[in-house]
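Structure first, then comments.
The values are calculated or read from the model by the stated rules, or taken from the named source; none is laboratory data. Given the structure is predicted, the values throughout are model-derived calculations rather than measurements. All Cβ positions, glycine included, derive from the backbone under ideal geometry; neighbour counts span all protein chains shown. Each accessible area value is taken on the protein alone, full model and side chains, heavy atoms only, with ligands, DNA and RNA left out. Shrake-Rupley method; radii C 1.70, N 1.55, O 1.52, S 1.80 Å.
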Amino acid sequence: MKYGVIKYYFFSIKMKLRYNLGKRYFLITFLLVFIGPGRMLFGAPMQHSGLWEAHWITAAKSQSATNTWICFRKEIKIQKKPVIALAKIAVDSKYWLWINNRLVIFEGGLKRGATPRDTYYDEVNIAPYLHNGVNTIGILLWYFGKDGFSHNSSGKAGMVFQCITPEMTILSDDSWEARIDPAYEISPLPHPNYRLPESNVFYDARKSLGLWYSPDYDAVAHGFGAAMEIGIPPCAPWHQLIKRPIPQWKDYGLNKYVRKRIISGKNNDTIVCVLPYDAQITPYLDIISPAGENISIQTDAHADGGALNVRAGYITKEGRQAYESYGWMNGNKVYYIVPKGIKIIDLKYRETGYNTTFLGSFKSNSAFLNLYWQKARRTLYVNMRDNYMDCPDRERAQWLGDEVLESGEAFYALDTMSYLLQRKGMYEIIGWQRPDSTLFGPIPAGNWNKELPCQVLAYIGYYGFWNYYLYTGDRKTIEDLYNNVKKYVAVWKLNDKGTVVFRKGGWTWGDWGENIDTVLLENAWYYLAVKGMRNMAEVLYKKNDVLYYQGIMDTLKDAFNKQFWNGNAYRSPAYKYATDDRSQALAVVSGLADSTKYPALLKVFKQQEHASPYMEKYVLQALYVMGDADYALIRMKKRFGPMVDNPDYTTLFEGWGVGKEGFGGGTFNHAWSGGGLILMSQYICGISPIEPGYRLFHMKPQLGVLHFAHATVPTNRGEIKVSIQKSDKHFIVNLTVPEGTKCEVSIPAVYARILCNQRPVKPEKQNQDNVILIGPGRFQFDAEKES
């Protein structure tokens, strides 16, 4: 059942089951939650699996080599088909599930691990795929067999499957048949770079096992034997099993490419297949060929970001054959390098991705802003899967500073299912906390352990953990993680002057580019982290902590301004280069800088442009906080214009250009460049929560030179819709306020006469705005200037 098809259902079924295990009885509770757009249910996010009876199993001949693929089969006879049958499935690393020759799960499993020891498991309702009589289950396991920046290998290929209902019991054990799939081989050099746990997928169809997951398949004749039992969970090396906290991937099915063209060569033809946009895809082919021909498949992202990424290879068998390479890759184009003499019947692709819906929207009279918003959303989505990623090709890693911006974008662009991906990352970083209380990222990772202090502070602070609570209202997560975040914040100290004792961490990284005043950045990020802690302490009624953190904020703010403000800008004493626009921006958005400094800081922002696209979001936000929407739009277009207007890419870049013109390798799909999406919805259209979960929210638009803007903002209480038109005399707002919320509508004070649904209203004056508090419903405000 897909999200969006049904509205909202919640039911719990309790069954008393008697296992064939003596006289032991167990109470099992099945909790099914189907959630439609605009609804979010927060349950226990990181649940241990409870009782297991099944065994971890593997193929008897498996040596757990890198890039091992194993086939598992099981036939089971069912007298009465169950209504619900929740199967628990865990693997290292990925799996595909067929039941009765029907594909049930396309790429199940999550990259390991929820903690440095533990492993995720899936829960899948397999009842719709079962029937009375004999049923055949097939599972294809892909064991990565190496660490990466997004995966912590257990060191052993294995799978565990358990499904227990009153009508049947299915447990993985040595009654299952298993064998290594010989068709999957190690590809020739070059291999993907060390950051990726995935290998190239190289398939020799001459060694294919055929439809080994089909009911009438002769497994013994094809070399299947009894699976080898390893142990009952929790056991090493997979340890505790944690329930998958995010949905299974959305499968868009096999689709035709937008267009194709052939580049003819002497021995091979290169077929260039154009995708509709940069997407996570698995390539497919249908051909007629002699045996032994080698087809190579890769995308235009194969060498993106200054490193080699994943690709695929296929060796043909005789005759007509169809094949889909299961290792996902991304890009705007797919290249099939095909030997002469092969007849192409069809080439297709399957897009899969995080299961969310594009509910948010933004439009204005600026073509640049509209295109920027669309490209930002596309870049965001291609960077969502097992975790938020910095890029979907070179690293696929959950860099913490990137996720702060990505999760902020998701609140405005995607439905509430996107909340779960940030929550997963929040529990993971705490799950990976070291004995000395320090945190690091990216995690989960088997070959990375360096702390980037500024990124960690950003993630656990005001724009990370607190922002998550503010937009979702999920108090349980904040309550679960608070004490561990508190431990990390306690690692940081103030010196005798009241500013931060500088911490290098494992990598002193504040941003790409030059003229980085890292001392200022650490002080500002620490202030924002403490600000987030103070707010979380208030929510959790920890009065002593509130006073403690407020005291730190007061001390640091006073010391920051005394030590670093020189009358024109903030500068740390040892910093000798051009004034850093990033650190000035953080001083504004954090509240370290008061409004008396805004005129001087505006001059800085007009003169200094050093921030990468990552930190540029905070510079532009500072301009909106300072009330200069006009210059915010000017600077946004100046800095992001070439990237947004580039016709060769549907996504945004890591740096201001691609490749050598970029930073850190220069990938063409870095979602940190999409921070402007947040600003368009939050500041131009003015929608942001005041109270957690949008119980109360702002509509405080800053159109600047624009005369029209519209936004749809998904929330867990329904969609907020706003449309604003501005002319010389009128300011017209059409606003939809969902049930269970209230809105503070702010209209510039220059518009004196205000009608709400054609009736006069008397607003409250606040600073330079007319403020009107309204409840749920649809409203039109027509404000007119006095003549």
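For Y3, the criteria (1) within 31 Å of the chain's Cα centre (by Cα); (2) over 17 Å from A127 (Cα atoms); (3) of a type outside the set (G, A, S); (4) modelled with pLDDT of 50 or more hold in every case but one, which is (4). If you go through the range 632-647 and keep only what is open to solvent by 30 Å² or more (accessible area, probe 1.4 Å) and in a helix (DSSP H, G or I), you end up with I634, K637, K638, R639, P642, D645. Checking G675, G657 one by one, the residue that is in contact with a Pro (Cβ under 8 Å, 6 or more places away or on another chain), touching a residue at least 12 places away in the same chain (Cβ under 8 Å), open to solvent by less than 40 Å² (accessible area, probe 1.4 Å) and closer than 25 Å to Y463 by Cα is G675 and no other.
Residue-wise test of (1) part of a strand (DSSP E or B); (2) open to solvent by 40 Å² or more (accessible area, probe 1.4 Å); (3) within 24 Å of Q621 (Cβ to Cβ); (4) among the acidic types (D, E).
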site	(1), (2), (3), (4)
L703	no, no, yes, no
L706	no, no, yes, no
H710	yes, yes, yes, no
T715	yes, no, yes, no
I720	yes, no, yes, no
S723	yes, no, yes, no
D728	no, yes, no, yes
V733	yes, no, yes, no
G740	no, yes, no, no
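Out of everything in the range 464-501 that is outside any helix (DSSP H, G or I) and touching a Ser or Thr at 6+ places or on another chain (Cβ under 8 Å), what residue ends up being surrounded by the fewest Cβ atoms within 10 Å (Cβ to Cβ)?
Among them, the one singled out is A490.
Inspect the range 680-696 for any residue being part of a loop (DSSP other than H, G, I, E, B), open to solvent by less than 10 Å² (accessible area, probe 1.4 Å) and at positive phi and give the result as yes or no. Yes, the range 680-696 has at least one match. In the set (1) hydrophobic (A, V, I, L, M, F, W, C); (2) assigned to a helix (DSSP H, G or I); (3) open to solvent by 20 Å² or more (accessible area, probe 1.4 Å); (4) in contact with a helix residue (DSSP H, G or I) (Cβ under 8 Å, 6 or more places away or on another chain), the condition left unmet by A574 is number (2). Tell me, yes or no, whether the range 525-537 has at least one residue that is closer than 30 Å to N193 by Cβ and surrounded by 21 or more Cβ atoms within 10 Å (Cβ to Cβ). Yes, the range 525-537 contains a residue that is closer than 30 Å to N193 by Cβ and surrounded by 21 or more Cβ atoms within 10 Å (Cβ to Cβ). Determine whether P738 is touching a residue at least 60 places away in the same chain (Cβ under 8 Å) and in contact with a Ser or Thr (Cβ under 8 Å, 6 or more places away or on another chain). When the stated conditions are applied, P738 passes them.
Counting the residues of the range 255-308 that are under 25 Å from Y184 (Cβ atoms) and more than 30 Å from the chain's Cα centre (by Cα) gives 13. Output the residues belonging to the range 244-300 that are outside any strand (DSSP E or B), more than 29 Å from S208 (Cα to Cα) and touching a residue at least 40 places away in the same chain (Cβ under 8 Å). Listed by number, the residues that qualify are R244, P245, I246, P247. Pairs are defined by a Cβ separation below 7 Å, a sequence spacing of at least 6 or placement on different chains, a first member in the range 559-585 that is without any contact (Cβ under 8 Å) to a residue 40 or more places away in the chain, and a second member that is open to solvent by 20 Å² or more (accessible area, probe 1.4 Å) and among the small types (G, A, S); the pairs so defined are N568/A600; A569/A600.
Being more than 26 Å from L359 (Cα to Cα) and without any contact (Cβ under 8 Å) to a residue 40 or more places away in the chain is a condition met by at least one residue of the range 430-439. Residues that are without any contact (Cβ under 8 Å) to a residue 60 or more places away in the chain number at least 1 in the following strands (runs of 3 or more DSSP E) confined to the range 127-207: 133-143. Would you confirm, using the coordinates I've provided, whether A87 is open to solvent by less than 30 Å² (accessible area, probe 1.4 Å), over 22 Å from K424 (Cα atoms) and either touching a residue at least 12 places away in the same chain (Cβ under 8 Å) or not aliphatic (A, V, I, L, M) (or both)? No, not satisfied. Counting only residues that are open to solvent by less than 10 Å² (accessible area, probe 1.4 Å) and not charged (D, E, K, R), the range 421-437 holds 5 of them.
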